[in-house]
Amino acid sequence: AGRRLEPLLRPRRVIAARNVPRPARRPSWYSGTSGPAPAADVQSAEAVSAPIHFEWPVQGSVISRFGTKANGGRNDGINIATQMDSPIHAAASGTVIYAGNALKGYGNLVLIRHSDGYITAYAHADRIAVDKGQQVGKGQVIGYAGQTGDVAAPQLHFEIRHGVHPLDPKPLLIASN
């Protein structure tokens, strides 16, 4: 994936305006850019102060690892090949901060905010089973795997971020996959 999720992850500043015509709705986080986050924004799991572990969100095998690719692109998470309609589980308890499909390339996407500034992203779902603002428990089904967005086969693109900084998910995942 490698597209920027940062605009979705930053707190929004609300300014009240009266009698001002509203432009056509565009997601508040959309910046109009779609490149990978700058390398300086990438953190290792060791750089985060408190160790935290997440459960694997879906059964399957990793088909694309975290980090820079030979073609110069970068994957800010991991891609896990799985069966169509496999349940996607919340990797940890938290609050759904986004559930939709407006971010180009990600298809149906769910973002969950966890304690200590962590955020997980789950992309390419066939169906989403949660709503923005909903509290979810670790292991709860939040959607079903698909091939929406820029993928040609059923899979889950999964990211863990601390604030806006992408982390390699593998060291933070409980070894069950």
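Straightening the chain between T68 and Q135 buys 20.8 nm, computed as 0.36 nm per residue apart minus the Cα-Cα spacing.
Counting only protein heavy atoms and a probe of 1.4 Å, the accessible surface of region 52-177 is 50% carbon and sulfur. In this structure the amide hydrogen of I97, modeled in the peptide plane, comes within under 5 Å of the amide hydrogens of L111, I112, R113, G133, none closer than 5 places in sequence on its chain. Compute the signed sum of charges (Lys and Arg +1, Asp and Glu -1) over the other residues within less than 11 Å, Cβ to Cβ, of P57. With Lys, Arg at +1 and Asp, Glu at -1, the neighbours total -1. Label zone (Q59, point 7 Å along Cα-to-C-beta; backbone nitrogen cut-off 13 Å) within region 77-108: 82-89.
The values are calculated or read from the model by the stated rules, or taken from the named source; none is laboratory data. Note that the structure is a prediction, hence the values are computed from the model and not measured. Note that we place each Cβ from the backbone using ideal geometry, even for glycine, and neighbour counts take in every protein chain shown. Side chains are part of the model used for accessible areas, which takes the heavy atoms of the whole protein and leaves out ligands, DNA and RNA. Shrake-Rupley method; radii C 1.70, N 1.55, O 1.52, S 1.80 Å.
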